[in-house]
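Everything below concerns the one structure shown next.
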Amino acid sequence: MNCRQGWQMMKIDILTLFPEMFAGPFSSSILKRAQDSGLIEINLVNIRDFSTNKHHTVDDTPYGGGAGMLMAPEAIFGSVEDVNGKNPGMPGRVVLMCPQGTPFSQSLARDLAMSESLVIVCGHYEGVDERVRETLLTDEISIGDYVLTGGELPAMVVVDAVTRLLPGVLGERESAEEDSFSAGLLEYPHYTRPREFRGLAVPEVLLSGHHEEIRKWRRRQSLLRTLERRPELLSQAELTREDEEILKNLIDELLRLDLG
Ligand code: 4FV
C-alpha cells in the first residue's frame, strides 16, 4: 500500500454518476486552497462514461427479485481500472461509501491521510453489485447509520476530513492539533470577544493569562463534556493519571448532585 512522504501531493479520484454535485464544496475555502496550492488533486470521473452498452445504462434489476435497482459491475470496474492505471505507485486505497462500511472517524481520517492516493466510489440506487466488493475495494466506509440517496455527500465528508489533516493545508490560524477527537475527547468550550455578551460573561480563568490554570480548566471541560455526551469515547481515549483524577472528582460531584 503506497504511503505519503511529508508534503507530497495526494491524488483523489472520485467515481460518481453525478460529478456536478461536487462543484460547490470543492470550489471554496480550505478545499479550494489545497487544490490551488497543489497539496491535493481531485479528479472527478463519471462512471457512466465506462458503460459500454448502447443505452449507457449503469444499473439493473437485482437477481432474486426485490425492490429498486443496483449498480452493475461493468462500468464501476472500468472506471476503477482506468484511474488505477493512471496512478503511479499503485495501489492506493479504493473506498466504497456505503451504510455497511466501517464507521468513519478521526482516526480513520488520519489513516487515509497517510496514503498517496485515494479512489472513492460513490454508490447509488440500492447499492452496488457484490463483485465490486469482492474484487476492487480496500475499504468500505459509512458516515452514519442512515440511508442516503447516493455516496456523493459521504465522499465529500471524507475528502474534507482527510484534506485538512494533510501537512500544509491548514494555515497558522487554523489547527487540527486541538480538534475534537484529536485526543479522543470532545473539545472544551471556546470563547472570543466580547468579554460580556447579553449578560453572558467569559469564564474568568480564560482572562487570567495563567496558562497552567487555563490548560487544567480546558482539560476538565473536555472530560466533563465527553463524560456527559459521549462516555463511550472515554474507554478509547488516551487518559493521563491527571485525567483519571479529574474524572473521579467529576463523577463524585455528579453523583453528589444526583443524590442531592
Ligand atoms: C452511505 C452512508 C449511504 C446507500 C444506498 C447510497 C447510500 C445508496 N454511504 N455512509 N450512510 N449510501 O447511505 O456512506 O447507494
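The values are calculated or read from the model by the stated rules, or taken from the named source; none is laboratory data. Since we're looking at a predicted model, the values are computed, not measured. Counting neighbours? That spans all protein chains shown, and the Cβs are built from the backbone with ideal geometry, glycine included. The accessibility values were calculated without ligands, DNA or RNA, using every heavy atom of the protein model including side chains. Shrake-Rupley method; radii C 1.70, N 1.55, O 1.52, S 1.80 Å.
Name every residue in the range 144-157 that is near the ligand (Cβ under 9 Å from one of its atoms) and either surrounded by 20 or more Cβ atoms within 10 Å (Cβ to Cβ) or more than 8 Å from the chain's Cα centre (by Cα) (or both), in order of residue number.
Gly144, Asp145, Tyr146, Val147, Leu148, Thr149, Gly150, Gly151, Glu152, Leu153, Pro154, Ala155
Scan (1) touching a residue at least 12 places away in the same chain (Cβ under 8 Å); (2) away from the ligand (no atom under 16 Å from the Cβ); (3) open to solvent by less than 30 Å² (accessible area, probe 1.4 Å) for the single condition Ile214 breaks and write down its number.
Every condition holds for Ile214 apart from (1).
Can you run down the residue pairs with Cβ atoms below 8 Å, 6 or more apart or on separate chains, where the first is in the range 148-159 and more than 13 Å from Phe104 (Cβ to Cβ) and the partner is open to solvent by 20 Å² or more (accessible area, probe 1.4 Å) and in a loop (DSSP other than H, G, I, E, B)?
Note: pairs meeting the criteria are Gly150/Phe18; Glu152/Phe18.
How about the range 45-77: which of its residues are in a loop (DSSP other than H, G, I, E, B) and within 14 Å of the ligand (Cβ to nearest atom)?
Within the range 45-77, Val58, Pro62, Gly66, Ala67, Gly68, Met69, Ala72 qualify.
State which residue is nearest to Leu17 (Cα to Cα) when the search covers only the range 108-131 and only residues that are free of Cβ contacts under 8 Å to residues at least 60 places away in the same chain and more than 8 Å from the ligand (Cβ to nearest atom).
Top of the filtered list is Asp129.
I'm checking my understanding of the structure. Among residues of the range 2-36 that are among the polar types (S, T, N, Q), over 26 Å from Glu130 (Cβ atoms) and at pLDDT 95 or above, which one is surrounded by the most Cβ atoms within 10 Å (Cβ to Cβ)?
Gln35
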